[in-house]
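The structure that follows is given in the form of C-alpha coordinates.
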Amino acid sequence: MIHLYEELRTEYLDKKRILLATQIAPICGRKYRENEFGAIGLTITGGEKYPFLHQQDGQEFFVEEYTEPARLVLAGGGHVSLAVAKLAAFLGFRITVIDDREDFASRERFPEAETIFCGDIETMLQENCFGRNTYYVILTRGHLDDRKALEAVLNKQDYRYAGMIGSRAKVATTMKFLREKGWTDDKLQQVHAPIGLPIGAITPEEIAVSI
(Lines give C-alpha, C1' and ligand atoms only; values in the text may rest on other atoms or scores of the structure.)
Protein backbone atom coordinates (compact mmCIF):
# COMPACT_ATOMS: atom_id res chain seq x y z
CA MET A 1 0.00 0.00 0.00
CA ILE A 2 2.85 2.40 0.83
CA HIS A 3 4.38 1.64 -2.57
CA LEU A 4 1.08 2.52 -4.28
CA TYR A 5 0.87 5.94 -2.63
CA GLU A 6 4.50 6.69 -3.41
CA GLU A 7 3.76 6.03 -7.10
CA LEU A 8 0.63 8.18 -6.94
CA ARG A 9 2.56 11.04 -5.39
CA THR A 10 5.25 10.81 -8.08
CA GLU A 11 2.66 10.94 -10.84
CA TYR A 12 0.90 13.86 -9.15
CA LEU A 13 4.15 15.83 -8.95
CA ASP A 14 4.53 15.18 -12.67
CA LYS A 15 1.17 17.01 -13.01
CA LYS A 16 -0.69 13.93 -14.17
CA ARG A 17 -4.38 13.68 -13.27
CA ILE A 18 -4.89 10.58 -11.15
CA LEU A 19 -7.99 8.70 -10.09
CA LEU A 20 -8.09 6.12 -7.32
CA ALA A 21 -10.91 3.58 -6.91
CA THR A 22 -11.44 1.69 -3.66
CA GLN A 23 -13.68 -1.37 -3.97
CA ILE A 24 -16.32 -1.49 -1.24
CA ALA A 25 -18.48 -4.36 -2.51
CA PRO A 26 -18.38 -7.29 -2.72
CA ILE A 27 -14.72 -7.07 -1.61
CA CYS A 28 -13.85 -4.13 0.61
CA GLY A 29 -10.56 -2.27 0.58
CA ARG A 30 -8.93 -3.29 -2.70
CA LYS A 31 -7.55 -0.23 -4.50
CA TYR A 32 -7.10 0.44 -8.21
CA ARG A 33 -5.57 3.36 -10.02
CA GLU A 34 -6.79 4.88 -13.25
CA ASN A 35 -4.57 2.82 -15.56
CA GLU A 36 -5.83 -0.39 -13.93
CA PHE A 37 -9.54 0.33 -14.41
CA GLY A 38 -9.61 -1.52 -17.72
CA ALA A 39 -8.48 -4.74 -16.08
CA ILE A 40 -11.49 -4.75 -13.76
CA GLY A 41 -13.99 -3.46 -16.32
CA LEU A 42 -14.53 -0.10 -14.60
CA THR A 43 -15.73 2.64 -16.94
CA ILE A 44 -15.43 6.27 -15.79
CA THR A 45 -16.77 8.86 -18.21
CA GLY A 46 -14.81 11.80 -16.80
CA GLY A 47 -17.87 13.99 -16.32
CA GLU A 48 -18.42 13.05 -12.69
CA LYS A 49 -17.74 15.30 -9.73
CA TYR A 50 -15.26 13.63 -7.39
CA PRO A 51 -15.53 11.84 -5.07
CA PHE A 52 -18.48 9.64 -6.01
CA LEU A 53 -19.80 6.08 -5.73
CA HIS A 54 -19.66 4.00 -8.89
CA GLN A 55 -21.72 0.83 -9.35
CA GLN A 56 -21.10 -1.58 -12.19
CA ASP A 57 -21.82 -5.29 -12.74
CA GLY A 58 -22.60 -5.95 -9.08
CA GLN A 59 -19.47 -4.17 -7.89
CA GLU A 60 -19.29 -0.88 -6.01
CA PHE A 61 -16.35 1.51 -5.85
CA PHE A 62 -15.54 4.76 -4.10
CA VAL A 63 -13.78 6.84 -6.78
CA GLU A 64 -11.71 9.86 -5.79
CA GLU A 65 -9.21 12.16 -7.41
CA TYR A 66 -5.76 11.89 -5.87
CA THR A 67 -4.64 15.39 -4.97
CA GLU A 68 -2.37 17.29 -2.66
CA PRO A 69 -3.79 18.30 0.76
CA ALA A 70 -6.44 21.02 0.69
CA ARG A 71 -5.12 24.58 0.83
CA LEU A 72 -7.06 27.61 2.01
CA VAL A 73 -5.95 30.98 0.62
CA LEU A 74 -7.23 33.91 2.65
CA ALA A 75 -7.17 37.12 0.62
CA GLY A 76 -7.14 39.63 3.45
CA GLY A 77 -5.93 39.32 7.01
CA GLY A 78 -8.70 41.03 8.98
CA HIS A 79 -10.76 39.79 11.92
CA VAL A 80 -12.89 37.38 9.89
CA SER A 81 -9.79 35.89 8.23
CA LEU A 82 -8.27 35.39 11.66
CA ALA A 83 -11.30 33.41 12.81
CA VAL A 84 -11.47 31.42 9.57
CA ALA A 85 -7.77 30.52 9.82
CA LYS A 86 -8.17 29.11 13.33
CA LEU A 87 -11.13 26.96 12.30
CA ALA A 88 -9.53 25.85 9.03
CA ALA A 89 -6.34 24.81 10.82
CA PHE A 90 -8.44 22.65 13.14
CA LEU A 91 -9.97 21.03 10.04
CA GLY A 92 -6.56 20.25 8.53
CA PHE A 93 -6.26 22.86 5.78
CA ARG A 94 -2.89 24.21 4.73
CA ILE A 95 -3.31 27.94 5.11
CA THR A 96 -1.96 30.84 3.08
CA VAL A 97 -2.65 34.44 4.11
CA ILE A 98 -2.24 37.49 1.85
CA ASP A 99 -2.49 41.10 3.00
CA ASP A 100 -0.75 44.35 2.07
CA ARG A 101 -0.40 45.45 5.71
CA GLU A 102 2.59 44.18 7.68
CA ASP A 103 0.66 44.07 10.97
CA PHE A 104 -1.99 41.87 9.36
CA ALA A 105 0.32 39.63 7.34
CA SER A 106 2.49 38.43 10.19
CA ARG A 107 3.45 35.16 11.83
CA GLU A 108 2.41 36.55 15.21
CA ARG A 109 -1.12 37.17 13.95
CA PHE A 110 -1.43 33.92 11.95
CA PRO A 111 0.65 31.23 13.68
CA GLU A 112 -1.47 28.58 11.91
CA ALA A 113 -0.47 29.75 8.42
CA GLU A 114 1.98 27.74 6.37
CA THR A 115 2.65 30.68 4.05
CA ILE A 116 2.18 34.44 4.50
CA PHE A 117 2.52 37.03 1.74
CA CYS A 118 2.73 40.73 2.50
CA GLY A 119 2.05 42.72 -0.65
CA ASP A 120 -0.63 43.77 -3.09
CA ILE A 121 -3.31 41.07 -2.85
CA GLU A 122 -4.22 41.06 -6.54
CA THR A 123 -0.57 40.79 -7.55
CA MET A 124 0.18 38.01 -5.05
CA LEU A 125 -2.77 36.00 -6.36
CA GLN A 126 -1.67 36.52 -9.96
CA GLU A 127 1.98 35.64 -9.39
CA ASN A 128 1.58 32.52 -7.26
CA CYS A 129 0.22 29.10 -8.12
CA PHE A 130 -1.43 27.45 -5.13
CA GLY A 131 -2.46 24.19 -6.78
CA ARG A 132 -5.68 22.58 -7.96
CA ASN A 133 -6.92 21.59 -4.50
CA THR A 134 -7.24 25.20 -3.30
CA TYR A 135 -10.10 27.07 -1.66
CA TYR A 136 -10.01 30.87 -2.08
CA VAL A 137 -11.77 33.03 0.50
CA ILE A 138 -11.78 36.74 -0.33
CA LEU A 139 -12.08 38.96 2.73
CA THR A 140 -10.19 42.16 1.96
CA ARG A 141 -10.85 45.47 3.67
CA GLY A 142 -12.46 47.12 0.66
CA HIS A 143 -15.01 46.49 -2.08
CA LEU A 144 -12.55 47.38 -4.86
CA ASP A 145 -9.87 45.06 -3.48
CA ASP A 146 -12.44 42.26 -3.22
CA ARG A 147 -13.30 42.65 -6.90
CA LYS A 148 -9.66 42.69 -7.99
CA ALA A 149 -8.90 39.62 -5.89
CA LEU A 150 -11.91 37.76 -7.27
CA GLU A 151 -10.93 38.47 -10.85
CA ALA A 152 -7.40 37.24 -10.15
CA VAL A 153 -8.87 33.98 -8.84
CA LEU A 154 -11.25 33.61 -11.79
CA ASN A 155 -8.29 33.87 -14.14
CA LYS A 156 -6.76 30.75 -12.61
CA GLN A 157 -7.32 27.55 -14.54
CA ASP A 158 -8.28 25.21 -11.74
CA TYR A 159 -9.36 25.45 -8.10
CA ARG A 160 -11.89 23.89 -5.73
CA TYR A 161 -13.76 26.88 -4.37
CA ALA A 162 -13.99 30.66 -4.59
CA GLY A 163 -15.98 32.75 -2.14
CA MET A 164 -16.21 36.49 -1.53
CA ILE A 165 -17.59 38.42 1.42
CA GLY A 166 -19.92 41.39 1.01
CA SER A 167 -23.52 42.52 1.16
CA ARG A 168 -25.87 41.34 -1.56
CA ALA A 169 -25.89 44.83 -3.05
CA LYS A 170 -22.07 45.00 -3.23
CA VAL A 171 -21.87 41.49 -4.64
CA ALA A 172 -24.45 42.38 -7.30
CA THR A 173 -22.41 45.45 -8.26
CA THR A 174 -19.25 43.36 -8.55
CA MET A 175 -20.95 40.71 -10.68
CA LYS A 176 -22.41 43.36 -12.97
CA PHE A 177 -18.95 44.87 -13.45
CA LEU A 178 -17.42 41.46 -14.25
CA ARG A 179 -20.17 40.60 -16.72
CA GLU A 180 -19.51 43.86 -18.51
CA LYS A 181 -15.85 42.83 -18.73
CA GLY A 182 -16.84 39.61 -20.46
CA TRP A 183 -17.11 37.03 -17.69
CA THR A 184 -19.91 34.56 -18.36
CA ASP A 185 -22.80 33.81 -16.02
CA ASP A 186 -21.71 30.16 -15.89
CA LYS A 187 -18.33 31.21 -14.50
CA LEU A 188 -19.69 33.81 -12.08
CA GLN A 189 -22.34 31.45 -10.72
CA GLN A 190 -19.54 29.23 -9.43
CA VAL A 191 -18.53 31.97 -6.99
CA HIS A 192 -19.99 31.71 -3.48
CA ALA A 193 -21.01 35.30 -2.79
CA PRO A 194 -22.01 36.56 -0.35
CA ILE A 195 -19.85 33.89 1.24
CA GLY A 196 -21.16 31.67 4.02
CA LEU A 197 -24.33 29.81 4.85
CA PRO A 198 -27.26 31.99 6.01
CA ILE A 199 -27.10 31.19 9.73
CA GLY A 200 -27.54 34.76 10.99
CA ALA A 201 -23.82 35.18 11.62
CA ILE A 202 -22.69 38.50 13.10
CA THR A 203 -19.37 38.06 14.90
CA PRO A 204 -16.15 37.08 13.04
CA GLU A 205 -16.29 33.67 14.71
CA GLU A 206 -19.88 33.11 13.61
CA ILE A 207 -19.03 34.17 10.07
CA ALA A 208 -16.11 31.74 10.10
CA VAL A 209 -18.46 28.91 11.04
CA SER A 210 -20.87 29.91 8.27
CA ILE A 211 -18.02 29.80 5.73
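Could you list, ordered by first residue, the pairs with Cβ atoms under 6 Å in which the first is in the range 19-31 and under 9 Å from V63 (Cα atoms) and the second is in a loop (DSSP other than H, G, I, E, B) and open to solvent by 40 Å² or more (accessible area, probe 1.4 Å), at least 6 apart or interchain?
Correct list of pairs: L20/Y66; Q23/R30.
Same structure, new question: When you check K86 against the structure, is it in contact (Cβ under 8 Å) with a residue 40 or more places away in the chain, open to solvent by 40 Å² or more (accessible area, probe 1.4 Å), closer than 19 Å to G163 by Cβ and not in a strand (DSSP E or B), yes or no?
yes
Could I ask something else about it? V97 versus (1) open to solvent by 60 Å² or more (accessible area, probe 1.4 Å); (2) touching a Gly at 6+ places or on another chain (Cβ under 6 Å): which is the lone unmet condition?
(1)
Another one. Counting only residues that are open to solvent by 50 Å² or more (accessible area, probe 1.4 Å) and either of a type in the set (D, E, K, R) or closer than 25 Å to S167 by Cα (or both), which one in the range 127-145 is modelled with the lowest pLDDT?
R132
Further, regarding this structure: Please indicate, with yes or no, whether at least one residue in the range 113-126 is under 18 Å from R160 (Cα atoms), open to solvent by less than 50 Å² (accessible area, probe 1.4 Å) and of a type in the set (A, V, I, L, M).
For the range 113-126, residues under 18 Å from R160 (Cα atoms), open to solvent by less than 50 Å² (accessible area, probe 1.4 Å) and of a type in the set (A, V, I, L, M): present.
So, one more: Residues in the range 146-168: is at least one of a type outside the set (K, R) and at positive phi?
Yes, the range 146-168 contains a residue that is of a type outside the set (K, R) and at positive phi.
Can you name the residue in the range 146-173 that is β-branched (V, I, T) and either open to solvent by 60 Å² or more (accessible area, probe 1.4 Å) or within 23 Å of G119 (Cα to Cα) (or both) and is also modelled with the highest pLDDT among such residues?
Going through the qualifying residues, I end up with V153.
Of all residues in the range 103-142, which are touching a Leu at 6+ places or on another chain (Cβ under 8 Å) and among the polar types (S, T, N, Q)?
If the condition is that a residue be touching a Leu at 6+ places or on another chain (Cβ under 8 Å) and among the polar types (S, T, N, Q), then T134 is the only one that fits.
Additional query: Search the range 49-58 for residues being open to solvent by less than 100 Å² (accessible area, probe 1.4 Å) and closer than 22 Å to P26 by Cβ, and hand back the single one that is modelled with the lowest pLDDT.
Start the filter on the range 49-58 by keeping residues that are open to solvent by less than 100 Å² (accessible area, probe 1.4 Å), which leaves 50-52, 54, 56, 58.
In the following step, the residues that additionally are closer than 22 Å to P26 by Cβ were identified as 51-52, 54, 56, 58.
Values: P51: 83, F52: 87, H54: 89, Q56: 86, G58: 86.
Only one residue tops the list, namely P51.
Of everything in the range 26-48 that's open to solvent by 50 Å² or more (accessible area, probe 1.4 Å) and among the hydrophobic types (A, V, I, L, M, F, W, C), which residue is modelled with the lowest pLDDT?
That would be A39.
The values are calculated or read from the model by the stated rules, or taken from the named source; none is laboratory data. Treat the numbers as computed from the prediction; the structure is a model and nothing was measured. With ideal geometry, Cβ positions are generated from the backbone for all residues, glycine too; neighbour counts draw on all protein chains shown. All accessible areas refer to the heavy atoms of the entire protein, side chains included, with ligands and DNA or RNA removed. Shrake-Rupley method; radii C 1.70, N 1.55, O 1.52, S 1.80 Å.
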